[in-house]
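Step one of this worksheet: look at the structure below.
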Amino acid sequence: MSRLIGIVGVPPLAVIEKINRDGDRIVDLDEPQIRAPIDQTAAHIPRVYCAILRTVVLNSLHLPLDLVYIDVGPGKCDCALHVSDILADLLRVPVIRTRNQDTRSFGYPLCTSRMPLMEKVSRITKSVQSAAPHAPVPPCQPSCGFWGVPPRDFALLDLFPETTHVFGWTRCMENKTPADLELEHQVDPTIPMVFFSQSFCAKSALAKHLADKHPRAIAIDCDVTPSSSTRAKIEAFLELSGVVPDRRHTP
Amino acid sequence: MLLADFGTSYSKILDTAKGDTPLILPTKELPRSFMADLATGHNAGRRSRRSINELTALARGGYALIQRPDFVLLDCGSRDIKFVRFQDGKVADMGWNAECGASMGFTIELLSTYYNLDYAEIPPPTTGFSVTCGVLGMSHIFDAIIAGASEAEAVAGFVRGIALNAYRFAHEPEELYLSGGLCSNPLFVACLPGRVHTLGRFVLLAGLQATLAQDAHPDSLLPGQTKS
Ligand code: SF4
């Protein structure tokens, strides 16, 4: 019978290949998988902590997992390393720590494609579960850029136009080289860019630093869900940069 | 054409057919059925046929009024603080603080009524409290009064803390344009470091007018727009 394997971050390709070979099912614990208040995790992890890792704990409390692979090396973060201890104590199933330092580039066709940003990032995060090469997708001319990790709440992405190019760790994720700092630093100075980080994440320093150096950029952070002022900031920045934001979902 | 800037405490309304003088009225006195043609601010989406967000209105209004390629404009309202920074005629940075900057303007107004103070008569203090939000800062006032400060001194320390907090939020520019209700508070303005130019309460309305002007002449450029 196939097992349910939880993954946190981007485990090494060899791990994904093994899971696929064994016919097991993968569930991405970084993304909300169940409907339950995130404060249910407060007994295990501080409220003032990366919301993605709080989501990992919330999912782990509810899902019938058989095994967890959690990446804790340079391709993820120290916060995940500490959460791996919490999971190991909390769960009755094996919690295996990995340190993904893969260097084989798979490319990032989705990052430069024309497609609603929410769908683009969903497909990128889903692609982590496969070891197969990416299908080719034609690139588009970018109107703006989104830099960062896939946010805890993808609603943040719905203001961006389809011609948004994706940078930062999300690009590393699609390239299957999550520890590639050089790729993570890549930006496009010719387009307006939004540098996103999760609140309480160490990457917020890099987001601010890169935004300060970029000629037309803002840095934003967001905890569990984007506040109306965060959304308004993105919308105004895009509008004032001559990019037409997608206002269909504006509150 | 009815333009409206719906503030949390006050709404600023301009009927372009009737001249250039906007009407200010408490938002709670606005008829429920009131509907603007173009608006910004609190609930603008529901109370107007078309709305733009407050940062966009602030940037467009500031650019139209200041007419300089480089400036920092800070807007201090009842509920939140916002800033935009222009460089070479383009928006280079912006911020909106509705959480930690919450209710600063509203609290300052409440305090003057509660303690019966006239801010024009209170000199700016040389020291103050470290205040991050209106609500949390109140306890500093009570502590200072218990420690022997006069009510005016304690409130002045609070206002200074709020002014410094807002100034830091705008990244501490040497020269600052200020808009919003707190422009008419002499103590608050005097507590802001650097050179300060007050623009008053109608900058967001000016942003709506700039949007209308652009609609009428699509070839003219709003900030950030480039001819393609
Ligand atoms: S967002 Fe930052 S803190 Fe959170 S899991 Fe990713 S790298 Fe770690």
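Based on what the data block shows, is A:Ala132 more than 16 Å from the ligand (Cβ to nearest atom), part of a loop (DSSP other than H, G, I, E, B) and either assigned by TED's automatic domain parsing to the domain that holds A:Ala219 or more than 20 Å from the chain's Cα centre (by Cα) (or both)?
When the stated conditions are applied, A:Ala132 passes them.
Which of the residues spanning segment A:95-126 are more than 22 Å from A:Pro161 (Cα to Cα) and among the hydroxyl-bearing types (Ser, Thr, Tyr)?
A:Thr98, A:Thr103, A:Ser105
Wholly within segment B:60-159, which strands (runs of 3 or more DSSP E) include no fewer than the required count, namely at least 2 residues that are modelled with pLDDT of 90 or more and open to solvent by less than 70 Å² (accessible area, probe 1.4 Å)?
B:71-76, B:81-87
Based on what the data block shows, is B:Gly45 small (Gly, Ala, Ser), within 30 Å of A:Ile220 (Cβ to Cβ) and either in a strand (DSSP E or B) or in contact (Cβ under 8 Å) with a residue 40 or more places away in the chain (or both)?
no
State all residues of segment B:19-40 that are under 21 Å from the mean Cα position of the chain (by Cα) and more than 17 Å from B:Met1 (Cα to Cα); if no residue qualifies, say none.
B:Leu25, B:Pro26, B:Thr27, B:Lys28, B:Glu29, B:Leu30
For segment A:164-181, enumerate the residues that are more than 16 Å from the ligand (Cβ to nearest atom) and closer than 25 Å to A:Ser228 by Cβ.
Within segment A:164-181, just A:Thr164 meets the criteria.
Name the single residue, out of those in segment A:177-204 being part of a loop (DSSP other than H, G, I, E, B) and within 26 Å of A:Tyr49 (Cα to Cα), that is most open to solvent (accessible area, probe 1.4 Å).
Checked segment A:177-204; the qualifying residue most open to solvent (accessible area, probe 1.4 Å) is A:Phe200.
Within segment A:1-115, considering only strands (runs of 3 or more DSSP E) that don't extend past its boundaries, which have at least 3 residues that are crowded, with 20+ Cβ neighbours inside 10 Å?
Counting at least 3 such residues, we get A:4-8, A:67-71.
The values are calculated or read from the model by the stated rules, or taken from the named source; none is laboratory data. Nothing here was measured: the structure is a model prediction, and the numbers come from that model. Using ideal geometry, Cβ is built from the backbone for each residue, glycine included, and neighbour counts are taken over all protein chains shown. Areas reflect the complete protein model, heavy atoms only, side chains present, ligands, DNA and RNA absent. Shrake-Rupley method; radii C 1.70, N 1.55, O 1.52, S 1.80 Å.
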